[in-house]
1. Run GLY68 past the list (1) surrounded by 10 or more Cβ atoms within 10 Å (Cβ to Cβ); (2) within 26 Å of ALA17 (Cα to Cα) and report the number of the one that doesn't hold.
2. Do we find that VAL53 is exposed (fewer than 13 other Cβ atoms within 10 Å of the Cβ), over 10 Å from the mean Cα position of the chain (by Cα) and either among the aliphatic types (A, V, I, L, M) or under 20 Å from PRO6 (Cβ atoms) (or both) in this structure?
3. Identify all residues within the range 2-16 that are touching a helix residue (DSSP H, G or I) at 6+ places or on another chain (Cβ under 6 Å) and surrounded by fewer than 13 Cβ atoms within 10 Å (Cβ to Cβ); write none if there are none.
4. Select from the range 51-84 the residues that are hydrophobic (A, V, I, L, M, F, W, C) and in contact (Cβ under 8 Å) with a residue 12 or more places away in the chain and list them in ascending order.
5. Which ones in the range 17-44 are hydrophobic (A, V, I, L, M, F, W, C), surrounded by 15 or more Cβ atoms within 10 Å (Cβ to Cβ) and free of Cβ contacts under 8 Å to residues at least 24 places away in the same chain?
6. Kindly provide the set of residues from the range 3-18 that are over 14 Å from VAL49 (Cα atoms) and modelled with pLDDT of 90 or more, ordered by number.
7. Would you check which residues across the range 59-89 are of a type in the set (D, E, K, R) and at pLDDT 85 or above and list them?
8. When you go through GLY43, GLY36, GLY69 one by one, which is the residue that is closer than 23 Å to GLU9 by Cβ, part of a helix (DSSP H, G or I) and touching a helix residue (DSSP H, G or I) at 6+ places or on another chain (Cβ under 8 Å)?
Amino acid sequence: MLAFNPATEQVAYMLAALCFIFGLKKLSGVRTARQGNIWAATGMGVAIVISLVLLLKAGAITWWALLGGVALGSVIGVKLTGNRPVPSC
């Protein structure tokens, strides 16, 4: 398991927040919106991964609960979208 001390956790969350805010800033322009989306998604992904690692480390959730949630969310997502293909730009 990854070893996180409180300082590392704070730095990781700060990095995630900065990526997310920078991405939102870039979303304001037509030419930079695609880059902004990538920045914001990266920041949100980092925050989610750090949160899950900390929850697993604290014993608040188990790997089985995490995988079950991902599977359940995937099934619900496919059912709600009707398995339609994503339109290309």
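The values are calculated or read from the model by the stated rules, or taken from the named source; none is laboratory data. Fair warning: this is a prediction, and the values are worked out from it, not measured in the lab. Please note: Cβ atoms are built from the backbone with ideal geometry, for glycine as well, and neighbour counts cover all protein chains shown.
1. Failing condition for GLY68: (2).
2. On the way: exposed (fewer than 13 other Cβ atoms within 10 Å of the Cβ): no; over 10 Å from the mean Cα position of the chain (by Cα): yes; either among the aliphatic types (A, V, I, L, M) or under 20 Å from PRO6 (Cβ atoms) (or both): yes.
No: the conditions fail for VAL53.
3. LEU2 - this is the single residue of the range 2-16 that is touching a helix residue (DSSP H, G or I) at 6+ places or on another chain (Cβ under 6 Å) and surrounded by fewer than 13 Cβ atoms within 10 Å (Cβ to Cβ).
4. Kept after step one, since they are hydrophobic (A, V, I, L, M, F, W, C), are these residues of the range 51-84: 52-56, 58, 60-61, 63-67, 70-72, 75-76, 78, 80.
LEU52, VAL53, LEU54, LEU56, LEU66, listed by residue number.
5. PHE22, LEU27, TRP39, ALA40
6. LEU18
7. Step one: of the range 59-89, the residues of a type in the set (D, E, K, R) are 79, 84.
The one that is of a type in the set (D, E, K, R) and at pLDDT 85 or above: LYS79.
8. After ruling out the rest, the residue left standing is GLY43.
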